[in-house]
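First the structure, in the form of structure tokens, and then the observations on it.
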Amino acid sequence: DCMTSPLQTLTAYNDALAAGDMDAFAALLAPEIVWHQPGAHPLSGDHTGPAAVLELLGAMMGHSAGTFQVAPTDAPRVNGDLVALPVSFSGKHEGRADLEMAGTDLFRISGGLIREVWLFSADQDVEDAFWA
């Protein structure tokens with residue numbers, strides 16, 4: 001529904017992730033979504049289309065033996081069709097330091113769908129070492 005606000009869409013996204021409901025998560029992604037994964041590691045780069053985004057998240061779960069989590073740490077900030085969400089993300093990987101980091105996820109949302117995502121990490125070098 002085109003009357004869905006960006007904030008409502010983001011709330012549905014957070015709820016789907018928290019529940020591990022990947023069908024609900026995927027339904028919020030626009031066909032042309034571009035997910036900009038920062039850094040210099042094998043999962044970095046632009047992932048275009050819902051299948052590519054789901055593949056990326058699957059790879060993150062595989063790399064972290066299912067421990068990777070992202071959770072909001074404060075209220076989202078909305079500016080038109082952009083929503084910035086302060087987050088904390090964490091994961092474990094055998095033989096590596098545990099990942100526990102603050103970040104900001106920036107979403108471009110319109111028509112009830114997430115169209116573009118940019119992720120920002122508090123310490124990209126540490127994150128790169130975790131995913132390497």
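Quick notes on this structure:
- Residues within segment 58-72 that are in contact (Cβ under 8 Å) with a residue 12 or more places away in the chain and within 14 Å of the chain's Cα centre (by Cα), tallied: 7
- Any hit, segment 45-57, residues being more than 20 Å from residue 109 (Cβ to Cβ), open to solvent by 50 Å² or more (accessible area, probe 1.4 Å) and under 13 Å from the mean Cα position of the chain (by Cα): yes
- Hits in segment 58-73 (condition: in a helix (DSSP H, G or I) and surrounded by 12 or more Cβ atoms within 10 Å (Cβ to Cβ)): 59, 60, 61, 63
- Any hit, segment 91-102, residues being open to solvent by less than 50 Å² (accessible area, probe 1.4 Å) and either touching a Pro at 6+ places or on another chain (Cβ under 7 Å) or assigned to a helix (DSSP H, G or I) (or both): no
- Positions within segment 16-32 being assigned to a helix (DSSP H, G or I) and surrounded by 13 or more Cβ atoms within 10 Å (Cβ to Cβ), in sequence order: 16, 17, 22, 24, 25, 26, 27
- Single unsatisfied condition, residue 112 versus (1) touching a Ser or Thr at 6+ places or on another chain (Cβ under 6 Å); (2) within 20 Å of residue 129 (Cβ to Cβ); (3) surrounded by 16 or more Cβ atoms within 10 Å (Cβ to Cβ); (4) among the small types (Gly, Ala, Ser): (2)
The values are calculated or read from the model by the stated rules, or taken from the named source; none is laboratory data. The model shown is predicted, which means the values in this text are computed figures rather than measured ones. Methodologically, a virtual Cβ is constructed for each residue, glycine included, from the backbone with ideal geometry; neighbour enumeration extends over all protein chains shown. Each accessible area value is taken on the protein alone, full model and side chains, heavy atoms only, with ligands, DNA and RNA left out. Shrake-Rupley method; radii C 1.70, N 1.55, O 1.52, S 1.80 Å.
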